[in-house]
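The block underneath contains the structure these notes are about, expressed in structure tokens.
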């Protein structure tokens, strides 16, 4: 688990259009919201 107020580890994922997005691209911004949404109709 990542401690509160610590920087998120760097990672790269594909967005909903298949484009590659890296967290390091947003390091200059003050706030970044990461949202992981499970697919609809999946048991979570």
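The values are calculated or read from the model by the stated rules, or taken from the named source; none is laboratory data. Remember, it's a predicted structure, so these values are computed and weren't measured experimentally. With ideal geometry, Cβ positions are generated from the backbone for all residues, glycine too; neighbour counts draw on all protein chains shown.
Conditions: (1) in a loop (DSSP other than H, G, I, E, B); (2) in contact (Cβ under 8 Å) with a residue 12 or more places away in the chain. Residue 39 meets all but one. Number of the miss?
(2)
If you scan the stretch 11-44, which residues turn out to be in contact with a strand residue (DSSP E or B) (Cβ under 8 Å, 6 or more places away or on another chain) and surrounded by 10 or more Cβ atoms within 10 Å (Cβ to Cβ)?
Taking the stretch 11-44 and keeping what is in contact with a strand residue (DSSP E or B) (Cβ under 8 Å, 6 or more places away or on another chain), we get 11-15, 20-23.
Correct list: 11, 12, 13, 21, 22, 23.
Kindly indicate whether any position in the stretch 16-29 is in contact with a helix residue (DSSP H, G or I) (Cβ under 9 Å, 6 or more places away or on another chain) and either modelled with pLDDT under 80 or not in a strand (DSSP E or B) (or both).
Looking through the stretch 16-29, none of the residues is in contact with a helix residue (DSSP H, G or I) (Cβ under 9 Å, 6 or more places away or on another chain) and either modelled with pLDDT under 80 or not in a strand (DSSP E or B) (or both).
Assess whether residue 6 counts as being in a loop (DSSP other than H, G, I, E, B) and either out of contact with any helix residue (DSSP H, G or I) (no Cβ under 6 Å at 6 or more places or on another chain) or modelled with pLDDT under 85 (or both). Step through it out loud before you land on a result.
Values: in a loop (DSSP other than H, G, I, E, B): yes; either out of contact with any helix residue (DSSP H, G or I) (no Cβ under 6 Å at 6 or more places or on another chain) or modelled with pLDDT under 85 (or both): yes.
Taking the combined requirement at face value, the residue satisfies it.
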